[in-house]
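These notes concern the structure reproduced below.
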Amino acid sequence: MGRETRLVGYRLSPGVEVSDRVLSELGAHSGDDPDESVSRILGLIGRDRRVEEALSAVATLPASVADVALLLGVSARTLERLLLGRTGATPVFWTQLVRVRAAARYLAAGERFVEVALRAGYADQAHLSRSVRRWFGVSPGELVHRSDLVNQLASPGYDAVTGEQISTRYPSGSLT
């Protein structure tokens, strides 16, 4: 690539399919404004309502995989097949991601470690500390002083934007 080459990346929701048709359409309009490209992408991508429902349910805190499956009216195995097949990650991965992102945001907001651990669904502070270190490579105390990580955690990402959901109702068997 030459120095003048401009790369633009797009962050899509987990489980979104980008077909060859979408890629060729984007290639044909590669000089467009990135905002116009986003609009074009959103009009062309395939979204799976079942995956969106499952990830929205997973985003409830605290949630176990069994609780999420029960909420959705499916078995834990069905939920695992759906998410692993469509996103490449298991429900456990998604529940852990939601939990640790929420915990990190609570920590960055200045909440006490013990309160954060309980609020985010960890058994204790040690469990919280291990999870933060595994996901972010720093201790919880170091995390609050890392503006780069705190800024990333403040940006929207998978976890129902806020990391919490007040209530959602799913019809029984809605993923089948």
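The values are calculated or read from the model by the stated rules, or taken from the named source; none is laboratory data. This one's a predicted model, so the numbers in the text were calculated from it and none came from an experiment. Glycine gets a Cβ as well: all are built from the backbone with ideal geometry, and neighbour counts include every protein chain shown. Accessible surface areas use protein heavy atoms only, side chains included; no ligands, DNA or RNA. Shrake-Rupley method; radii C 1.70, N 1.55, O 1.52, S 1.80 Å.
Structure data summary
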| quantity | calculated |
| --- | --- |
| Computed label-point distance, nm, for sites residue 123 and residue 36 using a 7 Å Cα→Cβ extension | 5.6 nm |
| Per residue solvent-accessible surface (Å²) - segment 1-113, probe of 1.4 Å | 58 Å² |
| Pairwise FRET efficiency - residue 4 versus residue 150, Cβ, R0 = 41 Å, nearest 0.05 | 0.75 |
| Area accessible to solvent at residue 75, 1.4 Å probe radius, in Å² | 60 Å² |
| Residue 153 - accessible surface, heavy atoms, 1.4 Å probe, Å² rounded to 10 | 10 Å² |
| Accessible area of segment 37-98 belonging to carbon and sulfur atoms, whole % at 1.4 Å probe | 57 percent |
| Residue 75/residue 139 FRET efficiency (R0 45 Å; Cβ-Cβ; nearest 0.05) | 0.75 |
